Amino acid sequence: MKSKGSLVVISGPSGSGKGTVVKKLREIMPDVALSVSATTRAPREGEIDGREYYFITRDDFEDMVAQGEILEFTSYCGNYYGTPKKEAERITGEGRDLILEIEVDGASQIKRLMPDAITIMLIPPSLSELESRLRGRGTETEQVITNRLARARDEIKLAESYDYVVVNENDGIEKCAENIRDIIRAERNKSARMTYITDTFLDN
Ligand code: ADP
Ligand code: 5GP
(Lines give C-alpha, C1' and ligand atoms only; values in the text may rest on other atoms or scores of the structure.)
(Ligands and ions follow the chains in the order given, each with its own letter.)
Protein backbone atom coordinates (compact mmCIF):
# COMPACT_ATOMS: atom_id res chain seq x y z
CA MET A 1 0.00 0.00 0.00
CA LYS A 2 1.17 3.50 -0.79
CA SER A 3 0.55 6.50 1.49
CA LYS A 4 -1.24 9.60 0.24
CA GLY A 5 0.92 12.37 -1.19
CA SER A 6 1.50 15.47 0.89
CA LEU A 7 0.46 19.01 0.18
CA VAL A 8 3.50 21.29 -0.02
CA VAL A 9 2.43 24.91 0.37
CA ILE A 10 4.84 27.53 -0.96
CA SER A 11 4.04 31.15 -0.14
CA GLY A 12 6.01 34.34 -0.38
CA PRO A 13 5.57 37.94 -1.45
CA SER A 14 4.87 38.64 -5.08
CA GLY A 15 8.26 38.85 -6.82
CA SER A 16 10.11 36.70 -4.25
CA GLY A 17 10.69 34.13 -6.98
CA LYS A 18 8.07 31.43 -6.29
CA GLY A 19 7.27 30.75 -9.93
CA THR A 20 10.93 30.65 -10.93
CA VAL A 21 11.99 28.44 -8.02
CA VAL A 22 9.05 26.05 -8.39
CA LYS A 23 9.89 25.61 -12.07
CA LYS A 24 13.46 24.67 -11.12
CA LEU A 25 12.22 22.42 -8.31
CA ARG A 26 10.06 20.47 -10.77
CA GLU A 27 13.06 19.95 -13.04
CA ILE A 28 15.10 18.42 -10.21
CA MET A 29 12.12 16.63 -8.61
CA PRO A 30 9.87 15.55 -11.49
CA ASP A 31 7.69 13.28 -9.34
CA VAL A 32 6.24 16.32 -7.55
CA ALA A 33 3.10 17.83 -9.14
CA LEU A 34 2.00 21.47 -9.23
CA SER A 35 -1.58 22.51 -8.58
CA VAL A 36 -3.15 24.82 -11.17
CA SER A 37 -5.29 27.42 -9.40
CA ALA A 38 -8.40 29.17 -10.62
CA THR A 39 -8.27 32.96 -10.75
CA THR A 40 -10.34 35.92 -11.87
CA ARG A 41 -7.29 38.01 -12.76
CA ALA A 42 -6.49 38.62 -16.44
CA PRO A 43 -3.78 36.44 -18.00
CA ARG A 44 -0.31 38.00 -18.33
CA GLU A 45 1.39 37.89 -21.68
CA GLY A 46 2.49 34.32 -22.36
CA GLU A 47 0.22 32.74 -19.73
CA ILE A 48 -1.99 29.95 -21.01
CA ASP A 49 -5.39 28.93 -19.63
CA GLY A 50 -5.07 25.58 -17.85
CA ARG A 51 -1.27 25.85 -17.54
CA GLU A 52 -0.47 28.84 -15.28
CA TYR A 53 -4.08 29.21 -14.07
CA TYR A 54 -7.65 28.48 -15.01
CA PHE A 55 -8.73 32.02 -15.93
CA ILE A 56 -12.42 32.27 -15.07
CA THR A 57 -15.06 34.94 -14.43
CA ARG A 58 -16.12 36.10 -10.97
CA ASP A 59 -19.52 34.43 -11.44
CA ASP A 60 -17.93 31.09 -12.32
CA PHE A 61 -15.52 31.38 -9.39
CA GLU A 62 -18.35 32.09 -6.96
CA ASP A 63 -20.28 29.12 -8.38
CA MET A 64 -17.30 26.82 -7.79
CA VAL A 65 -17.04 28.01 -4.19
CA ALA A 66 -20.80 27.51 -3.67
CA GLN A 67 -20.57 23.96 -5.10
CA GLY A 68 -17.73 23.06 -2.69
CA GLU A 69 -15.28 22.61 -5.56
CA ILE A 70 -12.59 24.87 -4.06
CA LEU A 71 -10.26 23.66 -1.30
CA GLU A 72 -9.21 27.16 -0.19
CA PHE A 73 -9.53 30.59 -1.73
CA THR A 74 -8.84 34.23 -1.11
CA SER A 75 -9.25 37.67 -2.57
CA TYR A 76 -5.81 39.07 -3.36
CA CYS A 77 -5.33 42.64 -4.63
CA GLY A 78 -8.87 42.68 -6.05
CA ASN A 79 -9.03 39.20 -7.62
CA TYR A 80 -10.09 35.75 -6.44
CA TYR A 81 -7.57 32.91 -6.39
CA GLY A 82 -8.42 29.35 -5.32
CA THR A 83 -7.26 25.74 -5.37
CA PRO A 84 -9.54 23.30 -7.26
CA LYS A 85 -10.35 20.44 -4.89
CA LYS A 86 -10.91 17.53 -7.30
CA GLU A 87 -7.49 17.73 -8.93
CA ALA A 88 -5.69 18.05 -5.57
CA GLU A 89 -7.49 14.96 -4.25
CA ARG A 90 -6.75 12.96 -7.40
CA ILE A 91 -3.02 13.72 -7.35
CA THR A 92 -2.43 13.17 -3.63
CA GLY A 93 -4.63 10.05 -3.88
CA GLU A 94 -2.11 8.65 -6.39
CA GLY A 95 0.60 9.09 -3.74
CA ARG A 96 2.18 12.14 -5.38
CA ASP A 97 3.21 15.22 -3.44
CA LEU A 98 1.44 18.34 -4.68
CA ILE A 99 2.79 21.90 -4.57
CA LEU A 100 0.32 24.68 -3.88
CA GLU A 101 1.86 28.04 -4.73
CA ILE A 102 -0.53 30.21 -2.75
CA GLU A 103 -0.56 33.33 -0.59
CA VAL A 104 -0.64 33.51 3.20
CA ASP A 105 -4.40 33.50 3.80
CA GLY A 106 -4.84 30.35 1.70
CA ALA A 107 -1.85 28.75 3.40
CA SER A 108 -3.39 29.20 6.83
CA GLN A 109 -6.70 27.73 5.58
CA ILE A 110 -4.82 24.66 4.31
CA LYS A 111 -2.86 24.23 7.57
CA ARG A 112 -6.13 24.40 9.53
CA LEU A 113 -7.83 21.84 7.27
CA MET A 114 -4.79 19.59 6.87
CA PRO A 115 -2.30 20.02 9.72
CA ASP A 116 0.20 17.65 8.11
CA ALA A 117 0.58 19.90 5.04
CA ILE A 118 4.16 21.15 4.73
CA THR A 119 4.30 24.96 4.67
CA ILE A 120 7.28 26.86 3.29
CA MET A 121 7.69 30.62 3.04
CA LEU A 122 10.03 31.86 0.35
CA ILE A 123 11.50 35.27 1.09
CA PRO A 124 13.79 37.59 -0.86
CA PRO A 125 17.06 38.72 0.75
CA SER A 126 15.61 42.25 1.29
CA LEU A 127 12.60 44.43 0.50
CA SER A 128 14.63 46.54 -1.92
CA GLU A 129 15.63 43.40 -3.82
CA LEU A 130 11.98 42.36 -3.88
CA GLU A 131 11.06 45.71 -5.40
CA SER A 132 13.70 45.43 -8.10
CA ARG A 133 12.63 41.85 -8.97
CA LEU A 134 9.01 42.94 -9.21
CA ARG A 135 9.90 45.90 -11.43
CA GLY A 136 12.39 43.84 -13.43
CA ARG A 137 9.69 41.29 -14.25
CA GLY A 138 7.83 44.11 -15.97
CA THR A 139 4.42 42.45 -15.86
CA GLU A 140 2.56 44.80 -13.51
CA THR A 141 1.46 48.44 -13.60
CA GLU A 142 2.92 50.92 -11.11
CA GLN A 143 -0.29 50.80 -9.03
CA VAL A 144 -0.24 47.00 -8.84
CA ILE A 145 3.46 47.03 -7.85
CA THR A 146 2.72 49.51 -5.02
CA ASN A 147 -0.15 47.33 -3.74
CA ARG A 148 1.96 44.19 -3.85
CA LEU A 149 4.91 45.78 -2.05
CA ALA A 150 2.61 47.08 0.68
CA ARG A 151 1.28 43.58 1.14
CA ALA A 152 4.76 42.02 1.19
CA ARG A 153 5.60 43.43 4.64
CA ASP A 154 2.45 41.86 6.16
CA GLU A 155 3.18 38.55 4.46
CA ILE A 156 6.77 38.37 5.74
CA LYS A 157 5.52 39.08 9.28
CA LEU A 158 3.75 35.71 9.11
CA ALA A 159 6.93 33.77 8.32
CA GLU A 160 7.12 32.27 11.80
CA SER A 161 3.75 30.57 11.38
CA TYR A 162 5.23 28.48 8.53
CA ASP A 163 7.06 25.18 9.06
CA TYR A 164 10.07 26.39 7.04
CA VAL A 165 11.49 29.68 5.76
CA VAL A 166 13.77 29.61 2.71
CA VAL A 167 15.67 32.66 1.39
CA ASN A 168 15.86 33.04 -2.37
CA GLU A 169 19.26 34.73 -2.56
CA ASN A 170 20.30 36.74 -5.59
CA ASP A 171 21.16 34.38 -8.42
CA GLY A 172 20.52 31.50 -6.04
CA ILE A 173 17.57 29.87 -7.82
CA GLU A 174 19.16 26.44 -8.09
CA LYS A 175 20.34 26.40 -4.47
CA CYS A 176 16.93 27.53 -3.31
CA ALA A 177 15.17 24.76 -5.27
CA GLU A 178 17.61 22.21 -3.80
CA ASN A 179 16.86 23.50 -0.32
CA ILE A 180 13.12 22.93 -0.89
CA ARG A 181 13.79 19.49 -2.41
CA ASP A 182 15.72 18.53 0.75
CA ILE A 183 12.83 19.66 2.96
CA ILE A 184 10.34 17.57 0.96
CA ARG A 185 12.63 14.52 1.04
CA ALA A 186 13.13 14.76 4.79
CA GLU A 187 9.40 15.24 5.37
CA ARG A 188 8.66 12.04 3.44
CA ASN A 189 10.52 10.11 6.15
CA LYS A 190 8.75 11.67 9.13
CA SER A 191 7.66 8.81 11.39
CA ALA A 192 4.02 9.94 11.24
CA ARG A 193 4.09 9.56 7.43
CA MET A 194 5.69 6.10 7.62
CA THR A 195 3.01 4.32 9.65
CA TYR A 196 1.75 2.50 6.54
CA ILE A 197 5.14 0.76 6.43
CA THR A 198 5.63 0.15 10.14
CA ASP A 199 2.04 -1.15 10.48
CA THR A 200 2.50 -3.56 7.54
CA PHE A 201 5.74 -4.76 9.09
CA LEU A 202 4.10 -5.54 12.39
CA ASP A 203 1.09 -7.25 10.75
CA ASN A 204 3.33 -9.83 9.05
P1 ADP B 1 6.75 35.26 -7.87
O2 ADP B 1 6.26 34.02 -8.57
O3 ADP B 1 7.09 35.03 -6.42
O4 ADP B 1 5.85 36.45 -8.04
P5 ADP B 1 8.81 35.27 -9.97
O6 ADP B 1 9.25 33.85 -10.00
O7 ADP B 1 7.93 35.77 -11.09
O8 ADP B 1 8.16 35.67 -8.55
O9 ADP B 1 10.13 36.17 -9.91
C10 ADP B 1 10.08 37.59 -9.97
C11 ADP B 1 11.28 38.10 -10.79
O12 ADP B 1 12.48 37.88 -10.06
C13 ADP B 1 11.44 37.38 -12.13
O14 ADP B 1 11.79 38.33 -13.10
C15 ADP B 1 12.57 36.37 -11.86
O16 ADP B 1 13.30 36.11 -13.03
C17 ADP B 1 13.41 37.10 -10.81
N18 ADP B 1 14.09 36.18 -9.86
C19 ADP B 1 13.58 35.10 -9.24
N20 ADP B 1 14.49 34.53 -8.43
C21 ADP B 1 15.61 35.28 -8.52
C22 ADP B 1 16.92 35.20 -7.89
N23 ADP B 1 17.23 34.24 -7.03
N24 ADP B 1 17.82 36.14 -8.23
C25 ADP B 1 17.51 37.12 -9.12
N26 ADP B 1 16.32 37.26 -9.74
C27 ADP B 1 15.36 36.35 -9.44
P1 5GP C 1 -0.13 36.27 -9.28
O2 5GP C 1 -1.22 37.23 -9.67
O3 5GP C 1 1.21 36.98 -9.11
O4 5GP C 1 -0.04 35.07 -10.20
O5 5GP C 1 -0.49 35.68 -7.84
C6 5GP C 1 -0.79 36.55 -6.78
C7 5GP C 1 -0.75 35.79 -5.48
O8 5GP C 1 -1.81 34.83 -5.45
C9 5GP C 1 0.55 35.00 -5.26
O10 5GP C 1 0.98 35.22 -3.92
C11 5GP C 1 0.13 33.57 -5.46
O12 5GP C 1 0.92 32.67 -4.69
C13 5GP C 1 -1.30 33.60 -4.94
N14 5GP C 1 -2.13 32.50 -5.42
C15 5GP C 1 -2.10 31.88 -6.62
N16 5GP C 1 -3.01 30.89 -6.67
C17 5GP C 1 -3.62 30.86 -5.46
C18 5GP C 1 -4.65 30.04 -4.89
O19 5GP C 1 -5.17 29.10 -5.47
N20 5GP C 1 -5.02 30.33 -3.61
C21 5GP C 1 -4.46 31.34 -2.90
N22 5GP C 1 -4.89 31.51 -1.65
N23 5GP C 1 -3.50 32.13 -3.40
C24 5GP C 1 -3.08 31.89 -4.67
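The values are calculated or read from the model by the stated rules, or taken from the named source; none is laboratory data. All values reported here derive from a predicted model rather than from experimental measurement. Every residue, glycine among them, receives a Cβ derived from its backbone with ideal geometry; neighbour counts consider all protein chains shown.
Okay, here's what the table says:
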| item | result |
| --- | --- |
| Of all residues in region 12-31 being in contact with a Leu (Cβ under 7 Å, 6 or more places away or on another chain) and under 17 Å from Asp182 (Cα atoms), the one that is surrounded by the most Cβ atoms within 10 Å (Cβ to Cβ) | Val21 |
| Residues satisfying the stated conditions in region 1-42, i.e. within 10 Å of ligand 2 (Cβ to nearest atom) and in a loop (DSSP other than H, G, I, E, B) | Gly12, Pro13, Ser14, Gly15, Ser16, Ser35, Val36, Arg41, Ala42 |
| Yes/no for Gly68 being surrounded by 15 or more Cβ atoms within 10 Å (Cβ to Cβ) and either within 14 Å of ligand 1 (Cβ to nearest atom) or assigned to a loop (DSSP other than H, G, I, E, B) (or both) | no |
| Residue list for region 145-204, filter: polar (S, T, N, Q) and out of contact with any strand residue (DSSP E or B) (no Cβ under 6 Å at 6 or more places or on another chain) | Thr146, Asn147, Ser161, Asn170, Asn189, Ser191, Thr195, Thr198, Thr200, Asn204 |
| One residue from Glu62, Glu101 being at pLDDT 95 or above, charged (D, E, K, R) and under 21 Å from Val8 (Cα atoms) | Glu101 |
| The listed residue being in a strand (DSSP E or B), within 16 Å of ligand 1 (Cβ to nearest atom) and modelled with pLDDT of 95 or more, out of Tyr54, Tyr81 | Tyr81 |
| Subset of region 115-132 (residues that are of a type in the set (A, V, I, L, M, F, W, C), within 19 Å of Glu72 (Cβ to Cβ) and either near ligand 1 (Cβ under 9 Å from one of its atoms) or surrounded by fewer than 17 Cβ atoms within 10 Å (Cβ to Cβ) (or both)) | Leu122 |
| Among the residues listed as Arg135, Arg112, Arg153, the single one being part of a helix (DSSP H, G or I), loosely packed, with under 15 Cβ neighbours inside 10 Å, modelled with pLDDT of 95 or more and more than 11 Å from ligand 2 (Cβ to nearest atom) | Arg112 |
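Residue by residue, here is whether (1) within 26 Å of Ala186 (Cβ to Cβ); (2) of a type in the set (D, E, K, R) holds:
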site	(1), (2)
Gly68	no, no
Leu71	yes, no
Lys85	no, yes
Glu89	yes, yes
Pro115	yes, no
Met121	yes, no
Arg137	no, yes
Thr146	no, no
Asp154	no, yes
